[in-house]
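Some notes on the structure that comes next.
Throughout, read-outs are computed from the coordinates displayed, never taken from laboratory work. As the structure is a prediction and not an experimental result, all values here were calculated from the model. All Cβ positions, even for glycine, are placed from backbone atoms using ideal geometry, and neighbour counts span all protein chains on display.
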Amino acid sequence: MIPEPGARPILASPAGWRARGRVLALDRPIIFGIVNVTPDSFSDGGRFFSPDAAVEHGARLLEEGADGLDIGGESTRPQSPTPVDVDEERRRVLPVLAVLRARFPETYLSVDTVKSEVAAAALGEGADIINDVSGLRLDARMADVCARMEAGVVLMHSRGTVTDMASFAHATYGRGVVDEMMGELASSVDAARAAGVSDSAIVLDPGIGFAKCTADSLAVLASIDRIAALGFPVMVGVSRKRFIGELSGVAVPAERLEGGIGANVMALAAGARIFRVHDVGPTRRALAVAWPIVQLRIAT
Ligand code: HH2
């Protein structure tokens, strides 16, 4: 096939993602449903703050077709009052994780945290994956904990601290957002490797909306193939985010489903294989249609 001018080839993703001795096959789009055990998350804050509500929400997302769940006890929303301390974050996450682990022994469970003590406790409770939205920047012991416990690790790009990483405070990119983001993700990979994390355990995430204004998020989404070319599976988290609201004119985050599906389908076509979403069922159905088309494009 002769590529069209300017077109970049679609890359095959690595075949799997290693997490705690198991391998999650990436021969189809993988969906992680979001379980926010927080009072203040930007789109669903407070709705699943009680452990029972969070567990039931997780169970519902699995019924809708999620391959895994990403459980978080600290919001990165810029308006959130103060960072959550280790004890409080453990109190939020661990009971929910323990019940989900017991009820769904085979399901991949990820914990969204930047704190090594929370990560260690979660891995002790049976979590498979640590989703670090700081890309190992904020806690020097995080990489060691993940390496020692052979966790799957999501290295997400961001800048700043938990309280300002989802704002535009650090969204200045003299050399262009894609080049700088890729360079910073490469530093996260170096830190993971230095601690002994295996390449097969690493997933990269460009951090949509994290130190990225709408134009930055679009530029990054248009360059997923460049991130995929680094050789690690790519995750994206576009669900309900502000750039979707700006582009589609939908002010209420929970009503931004269609825009999220549009962005996820484009990311799939560009090489992303793992999708972190609030709305599992509709996303699953959309990707079920987009995926065979993408596969035909990879094969030709
Ligand atoms: N986005 C959020 C949180 N964690 N993790 C990854 N890997 N990628 C993302 O894009 C990502 C993430 C923010 O979304 P949400 O959890 O819905 O909101 P909040 O931080 O307010 O809890």
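Some observations on this one:
- Three semi-axes describe the equivalent ellipsoid of the chain; taken as square roots of 5 times the Cα gyration tensor eigenvalues and ordered largest first, they are 26, 21, 21 Å.
- Summarising the overall dimensions of region 222-272 from its C-alpha atoms, the Rg and Dmax are 12.0, 36 angstrom.
- For region 90-188, convex hull volume per residue from C-alpha positions, Å³: 103 Å³
- Value of [θ]222 nm, deg cm²/dmol, for the chain, DSSP H segments ≥ 4, -39500 (n - 2.57) each, nearest 500: -12500 deg cm²/dmol
- Here each label is just a point 7 Å from Cα along the line to Cβ, and for R285 and S198 those points are 3.9 nm apart.
- Scattering curve values for region 170-294, log₁₀ I(q)/I(0), Debye with Cα scatterers, q = 0.12, 0.14, 0.21 Å⁻¹: -0.46, -0.62, -1.23
- Three-way shape label, region 154-194, alpha-carbon gyration tensor, a/c 1.5: oblate
- Judged by the ratio a/c of the largest to the smallest principal axis of the C-alpha gyration tensor, region 243-300 counts as prolate, that ratio being 1.5 or greater while a/b is larger than b/c.
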